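One structure is given below, encoded as structure tokens.
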Amino acid sequence: MYDAIVIGAGVMGSATAYNLAKAGANTLVLEQFSRGHTFGSSHGDNRIIRLIYEKQFYTELMKYAYAEWREVEKESGKDLLFTTGSVIIGPDGHDYLHDMRVSLDAAGVESEWWDQRELANRFPQFRIGDGVEVLWQKDTGFLPASTCVLTYLQLAEAHGAEVRENTPVIEINWQGTYPEVITEGEHFRGKKVIVTAGAWSGQILSELNLPLTVTRQQVVYYRPTDASLFQRGRFPIFLDVTWDQVLYGFPVFGREGVKMARHGMGQPVSPDTCNRTPDPEYIEHIRSFLRERIPDAAGEALFAQVCLYTETPDEDFIIDTHPDCTNLVLATGFSGHGFKFASLVGRILSEMGLEGKTGFDISPFRLARF
Ligand SMILES: Cc1cc2nc3c(=O)[nH]c(=O)nc-3n(C[C@H](O)[C@H](O)[C@H](O)COP(=O)(O)OP(=O)(O)OC[C@H]3O[C@@H](n4cnc5c(N)ncnc54)[C@H](O)[C@@H]3O)c2cc1C
């Protein structure tokens, strides 16, 4: 019997396996595809990490998550957290920006309001007119997503975890004291089983009828007129908030081009049948925004990729024990903003796996709220 079995090696499962193995637990990881695959939610060049949230409990948790990312950088000897600062641009009086500022102030995190002139001084790449305000926060940055997943798995293995790739879990038999995990032709038992199955969570935990919607998302890289204008140090992470959408972008990293995406608003899909070819209309939609807002980044699309969000109705995570089996823990519904928390979620799940509880406040993530 294993001390812990982790189902799913996206960023949440990989970080959990690392924490479990590091704490000395005999850990098995089961992943249906090969490590670093591109069918789930954790692949790609980067994800935003930020303290800025409208809900203060996320900002408080992010303080710990930043520290955990720095720890894993130290242990792995790899750069995993790149700080760039961020600007959030929105129409005057938009609640989103104000709620973020209130939450940052309450959490004791510094931020600044900039006017049009200040933005033009600091980042002349942007074109903004009147009636727009800008929130600057210096600690925002990005995490090299696929590298983070691979690093966590390598470290987990170095601490003794066993990682089995191309091993789909068909069923979890949770009726006994210790859950039994069934794959094609094999059965495993774990004192604790932790399900971090992302977009497939609803399938493997079908008895719970989880309130999850899987949606299709797309990211696109555009050729800048002059790439030097969009390097780290010269260009920040940015979010552009309008009354009907949130677009965001990154400095150049990992591949040629300025990476852009729209947050959310993707079609509901099945993770097994989702169309993985990006839509030309979407690519053009973002490009027309760039022509107005950042004309020097509005060149041809160089690369585009599809990724999945697993959304809860309130966009808050689910981290809890199974209501009918205390030895089965689940973490899902990261709703398009979970990556930055993975360093902390891994620690929390490991604590829940080994001690049956965590000292971190995860009350907003209880399943019973639905
Ligand atoms: C386009 C895009 C942009 C994003 N931007 C940000 C951002 O800027 N900042 C941020 O913080 N977050 C962001 N996110 C969200 C973040 O990436 C996700 O919240 C996070 O990656 C979720 O990780 P996960 O481990 O839960 O899911 P996944 O990465 O999908 O991992 C689940 C794993 O479980 C495996 N699995 C499933 N079922 C089984 C089974 N039966 N047997 C074995 N294995 C199984 C899957 O194959 C998969 O590898 C973004 C997401 C997308 C798609």
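At a glance:
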quantity	calculated
Qualifying residues in segment 195-222 (those that are of a type in the set (S, T, Y) and touching a residue at least 40 places away in the same chain (Cβ under 8 Å)) - the one nearest to the ligand (Cβ to nearest atom)	T196
Test: residue in segment 116-131 that is aliphatic (A, V, I, L, M), over 22 Å from H43 (Cα atoms) and open to solvent by less than 10 Å² (accessible area, probe 1.4 Å)	yes
Residue among T321, T358, T332 that alone is within 21 Å of Q217 (Cβ to Cβ) and of a type in the set (V, I, T)	T332
Test set (1) modelled with pLDDT under 95; (2) within 14 Å of the ligand (Cβ to nearest atom); (3) under 22 Å from G85 (Cα atoms) - L247 fails condition number	(1)
Residue within segment 250-273 that is in the same structural domain as D95 (by TED's automatic domain parsing), under 30 Å from P168 (Cβ atoms) and over 21 Å from the mean Cα position of the chain (by Cα) present	yes
Candidates G85, G93, G141, filtered to the one that is small (G, A, S) and free of Cβ contacts under 8 Å to residues at least 60 places away in the same chain	G93
Members of segment 66-81 that are buried (at least 16 other Cβ atoms within 10 Å of the Cβ) and not charged (D, E, K, R)	Y66, W69, V72, S76, L80, L81
Residues (open to solvent by 10 Å² or more (accessible area, probe 1.4 Å), assigned to a helix (DSSP H, G or I) and not acidic (D, E)) located in segment 351-370	M352, L354, S363, P364, L367, A368, R369
Unmet requirement for L330, which otherwise passes all of (1) in contact with a His (Cβ under 9 Å, 6 or more places away or on another chain); (2) surrounded by fewer than 20 Cβ atoms within 10 Å (Cβ to Cβ)	(2)
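The values are calculated or read from the model by the stated rules, or taken from the named source; none is laboratory data. Values in this document were obtained by computation on a predicted structure and should not be read as measured data. For neighbour counting, all protein chains shown are included, and Cβ atoms are generated from backbone atoms with ideal geometry for every residue, glycine included. The area values use the complete protein model at the heavy-atom level, side chains included, leaving out ligands, DNA and RNA. Shrake-Rupley method; radii C 1.70, N 1.55, O 1.52, S 1.80 Å.
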